[in-house]
Amino acid sequence: MAKNKETIRSKIWGEVAEENNPFAAAACYCSGYDVYGDLLGKASWIEYLYLLFSGERPTAQQARLLEDLAIALANPGPRDHSVRAAMNAGVGGSTYASCLMAGLAVGAGQLGGAHEVAIAMGYWVECGESSPKWHDRLRHPPEEERADIWSPIEHPPGFDPHGASCPTPVRQTLAYLAEVSPGNALAWLQQHRVTLEAAADCPLAMSGVAAAAMIDLGFSPRQGEMLYLLLRLPGAAVHALEQEDFGWRRYPFFGDALELQDDPGGKTTND
């Protein structure tokens, strides 16, 4: 009796093996497109990214929105907890994979992180463009039946519980993306931002803008969560590299607290 042939099932990817090597691909197809024959040199990275996640070729407006969102999210800056985690790893001499994993781990959460974006996208799915529904949901968030991987979120998703007012970059990003978006969520958020902030009792955050943009791009909350993690990695990477170059002696957060009683190396190039 013949054994069943083992296969990897994927709607995203298909390969044709080389004639002389079954472990190497002669052709690779992404949602029907020959990656190295049809896409290479013809599609942009953003267009390919959209194709990977959605399985469809983006329109010009969708590609522009995703590219502009990627620019807005690429580097949250040293104030962001996920970037700071990568900086800590970089200045401490960790491997580069560890730096990125530190940024991912901290940036995955529910305070400005990727899971917050997913929850906010769930609110969009539930409330749509209904002000009464949004106000009710922001004032009366759903109660989780049980704590599993994630504890219940402690603030309205997409808003900053520690903010005094909506930051200028958030307002700039929302205004611009609302103009170029092919969907309605960003434009609706731009129009109703002030009343939503009053209902949430805190200002809109970049995670809230990202959630609306992901809705306009047609992504699910799961896809939005994964994309948010991915799009914020460049900032974590470059700040980790920069702090590695500066060295721990110039790092303001713990350098002064370290005193070596008997330093065999003496002064280093990081001084």
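Among the residues of region 101-159, how many are in a helix (DSSP H, G or I) and more than 15 Å from LEU227 (Cα to Cα)?
18
Which number in (1) assigned by TED's automatic domain parsing to the domain that holds PRO221; (2) over 30 Å from HIS155 (Cβ atoms) marks the one condition that GLY41 misses?
Evaluating GLY41 over (1) assigned by TED's automatic domain parsing to the domain that holds PRO221; (2) over 30 Å from HIS155 (Cβ atoms) leaves (1) as the failure.
Condition check: surrounded by 15 or more Cβ atoms within 10 Å (Cβ to Cβ), within 30 Å of ALA178 (Cα to Cα) and small (Gly, Ala, Ser). Does ALA25 satisfy that?
no
Determine whether region 193-203 contains at least one residue that is touching a helix residue (DSSP H, G or I) at 6+ places or on another chain (Cβ under 9 Å), within 19 Å of ASP68 (Cβ to Cβ) and assigned to a helix (DSSP H, G or I).
Yes, that holds for at least one residue.
If LEU260 satisfies every condition in (1) modelled with pLDDT under 80; (2) hydrophobic (A, V, I, L, M, F, W, C); (3) assigned to a helix (DSSP H, G or I) but one, which is the exception?
(3)
If only one of SER207, SER181, SER220 is over 17 Å from the mean Cα position of the chain (by Cα) and modelled with pLDDT of 95 or more, which one is it?
Unique residue meeting the criteria: SER181.
The values are calculated or read from the model by the stated rules, or taken from the named source; none is laboratory data. Bear in mind the structure is a predicted one, so any value in this text is a computation, not a measurement. Heads up, the Cβs are rebuilt from the backbone with ideal geometry, glycines too, and the neighbour counts pull from every protein chain shown.
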